[in-house]
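Student: Below you will find the structure I want to go over with you.
Each reported figure results from applying straightforward, stated rules to the coordinates on display, with no laboratory input. What you see is a predicted model; the values in this text were computed from it and never measured. Neighbour counts run over all protein chains shown; Cβ positions are idealised from the backbone, glycine included.
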Amino acid sequence: NRTAVPCLTAFADPGPLFTAEASTPSILIIDDEPSLLESLSILLSRRGYRVETAQSGRAGIRQLRKEKPDVVISDIKMPEVTGIDVLKAAREVDLFLPVILITARADVDTAIQALNEGAFQYIQKPFENRELLAQVENALQTRGRLSELNSQMNVLKREVNELHPDRGEQKDVH
């Protein structure tokens with residue numbers, strides 16, 4: 001039984017994706033395997049992301065409620081509080097928060113459950129660094145688009161309420 005840990009030297013590091021002037025996206029990594037937490041933390045930090053880690057699902061949920069990260073990467077199979085539990089908690093905190101679930105023991109039922117619960121992506125360990133980095137970037141882009149659409153929808157709702165005050169106040173989507 002080998003431990004799956006991404007290799008940090010699998011490809012040349014093109015450098016950070018973000019500069020100090022831009023808002024630096026934050027990523028919360030949740031896994032009960034310390035070596036994987038460290039490897040992913042190094043990989044993502046070198047790409048310019050702000051990285052927080054949690055070594056259990058319970059600690060991860062506390063952290064995501066406190067820190068409000070831009071993306072969550074969580075192992076599925078953890079004692080007590082699973083990645084699916086983390087995913088559900090993330091949905092309560094922020095409907096648009098992308099959660100990438102990773103697992104060494106993939107099965108179809110868990111993958112279907114994860115996607116039905118709203119996981120952004122489901123990745124099997126071991127994985128290529130470039131695969132994870134691409135999914136993180138896709139998650140951030142999707143989050144940005146959803147947030148922008150949500151803002152536009154809320155503006156439109158306010159305009160409709162101003163034009164038709166008799167319809168009653170409609171609540172913002174998020």
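Student: Label 7 Å along Cα→Cβ of Lys88; region 98-140 residues with amide nitrogen under 20 Å?
Tutor: Residues 98-103, 107-122 fall inside that zone.
Student: Report, in debye and to the nearest 20, how large the dipole of region 27-82 comes out about its Cα centre when Lys and Arg carry +1 and Asp and Glu carry -1 on their Cβ.
Tutor: Taking the Cα centre of region 27-82 as origin, the dipole is about 280 debye.
Student: Using a simple spin-label model with points 7 Å from Cα along the Cα→Cβ vector, what separation in nm is obtained for Asn116 and Asn161?
Tutor: Simple spin-label model gives 3.6 nm for this pair.
Student: Additional query: Could you check the simple spin-label distance between Arg50 and Glu148, using points 7 Å along Cα→Cβ, in nm with one decimal?
Tutor: The answer from the label model is 2.2 nm.
Student: Also: Sequence gap at least 6, Cα distance under 8 Å: using those rules, report the relative contact order of region 16-101 to the nearest whole percent.
Tutor: Once divided by the residue count of region 16-101, the mean separation gives 30 percent.
Student: Still on this structure, please answer the following. Just from the alpha-carbon atoms, what are the Rg and Dmax of region 15-147 in angstroms?
Tutor: Rg and Dmax of region 15-147, Cα atoms, are 13.5, 43 Å.
Student: Which net charge results when you count Lys and Arg as +1 and Asp and Glu as -1 among the other residues whose beta-carbon is under 12 Å from that of Asp94? Could the numbers behind the result be given before it?
Tutor: Numbers: positive: Arg65, Lys68, Arg91, Arg143; negative: Glu67, Asp70, Glu92.
Taking every Cβ under 12 Å from that of Asp94, the sum is +1.
Student: Right, something else. Taking the Cβ-Cβ separation of Asp107 and Glu128 as r and a Förster radius of 22 Å, what is the calculated FRET efficiency to the nearest 0.05?
Tutor: For R0 = 22 Å, the calculated efficiency reads 0.55.
Student: Need the full-extension length gain, Glu137 to Lys66, defined as separation in residues times 0.36 nm minus the C-alpha distance. One decimal, nm.
Tutor: On the way: separation 71, 0.36 × 71 = 25.56 nm, distance 2.28 nm.
Taking Glu137 through Lys66 to full extension adds about 23.3 nm, to one decimal.
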